[in-house]
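Below is one structure, written out as structure tokens; comments come after it.
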Amino acid sequence: MHFDVITLFPDMVLQAAKYGVTGKAISRGLVGLSVWNPRDYTLDKHRTVDDRPYGGGPGMVMKYQPLFDAVSAAQQTRHEPRCKIVCLSPQGTLINQALLTDVSDYEQLILVAGRYEGIDERFIASVCDEEWSLGDYVISGGELGALVVIDAITRLQAGVLGDEDSAKQDSHSDGLLDYPHFTRPEQLSVGKVPAVLLQGDHAQIKRWRLKQSLGRTWLRRPDMLEKKTLNTEQEKLLKEFKIEVDVK
Ligand code: 4GX
């Protein structure tokens, strides 16, 4: 996967992408990242990327031409057949693990990170394939959205995570929340590690973890459980969890 980010703040994206799993994946050549500044594609001496909105109102709007030329430059350096152009905005489809998994086998993802009040609608309508949103809140620019998308998709690329902590084990990958985690010491003043995790019975540990995942999803995210059909084993574990919380 090669990521191209169209942004007025290219250093923000490059610096943030240096850390952790994403940084390692880039340095190992498992994913690629390029940035394109629309200001470099302006044609006037003031290098203008924005202008006042037709119809009036507060704020500025990003102009069509510098964005169009920046995206064209990103497309021309590589000619990947499986390429998607995505604009980050609060008007977009809410992203989730399933959507990001669907696009994880694309060869190129061009992410348009806008600033100001918005982008000329003719650019969104005629150049972008999709509009994606991080969530129902407003941030100051699309860069953090692009970084979230890059991070989440990079984790899904082959060879990025070790086999042990494969992306298949991530919360949300099977439509459930993660189970609770514990590490040393066994005893703290605020509580002890559940006994089942200390006994080494791996079938029992697996059963306990699945029960916790189902129970937490039921307690915290009933909307996620409604979208899922549980098998007989999962139904049984969730019933047990409900009885256990009732007793406590
Ligand atoms: N999830 N923003 C983008 C400028 C903008 C406005 C309209 C295109 C169309 C956001 C979000 C988000 C604020 C980033 C407005 N660009 N991005 N920006 N929520 O709030 O992704």
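No value in this document is a laboratory result; all are computed from the given coordinates. Just so you know, these numbers come straight off a predicted model, no measurement behind them. No Cβ is skipped: glycine too gets one built from the backbone with ideal geometry, and neighbour counts run over all protein chains shown.
Values as computed for the structure displayed
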quantity: The chain: relative contact order as a whole-number percent, Cα under 8 Å and 6+ apart; calculated: 19 percent
quantity: Among the listed pairs K211/K248; K84/K168; K206/K248, those beyond 19 Å (Cα-Cα); calculated: K84/K168; K206/K248
quantity: Likely footprinting exposure, R122, R39, fewest C-beta neighbours within 10 Å first; calculated: R122, R39
quantity: Estimated Rh, the chain: Kirkwood, alpha-carbon pairs, angstrom; calculated: 21.0 Å
quantity: Cβ charges +1 (Lys, Arg) and -1 (Asp, Glu), total dipole of the range 117-170, debye; calculated: 100 debye
quantity: Lys, Arg +1 and Asp, Glu -1 on Cβ, resulting dipole of the range 140-196 about Cα centre, debye, nearest 20; calculated: 180 debye
quantity: DSSP-assigned coil residues among trypsin sites (Lys or Arg not before Pro) in the range 51-84, each with at most 15 further Cβ atoms within 10 Å; calculated: R78, R82
quantity: Percent antiparallel among DSSP beta bridges (both partners in the chain, rounded to 5); calculated: 15 percent
quantity: Simple spin-label estimate for D105 and E226 in nanometres, 7 Å along Cα-Cβ; calculated: 3.1 nm
quantity: Cβ-based charge dipole, the range 122-223, positive-most Cα from H202, L147, G135; calculated: H202
quantity: Under the span-like rule (Cα at least 15 Å along the axis, Kyte-Doolittle mean at least -1.0), DSSP H helices of the chain; calculated: 64-76, 143-155, 232-247
quantity: Distance-filtered residues of the range 90-118 - backbone nitrogen under 17 Å, label point 7 angstrom along V138 Cα→Cβ; calculated: 90-92, 114-118
quantity: R0 of 25 Å, Cβ-Cβ distance L94-L43: FRET efficiency to nearest 0.05; calculated: 0.10
quantity: Along the chain, longest interval not containing exposed chymotrypsin sites (Phe, Trp or Tyr not before Pro), exposed being DSSP loop plus at most 11 other Cβ atoms within 10 Å; calculated: 138-248
quantity: Burial ordering of T93, T42, fewest other beta-carbon atoms within 10 Å first; calculated: T93, T42
quantity: Average Cα contact separation per residue, the range 107-248, under 8 Å, 6 or more apart, as relative contact order %; calculated: 17 percent
quantity: Two-decimal Rg/Rh across the range 94-227, once Rg and the Kirkwood Rh are taken from alpha-carbon atoms; calculated: 1.08
quantity: Centre separation in Å (Cα based) which lies between the range 44-96 and the range 150-170; calculated: 29 Å
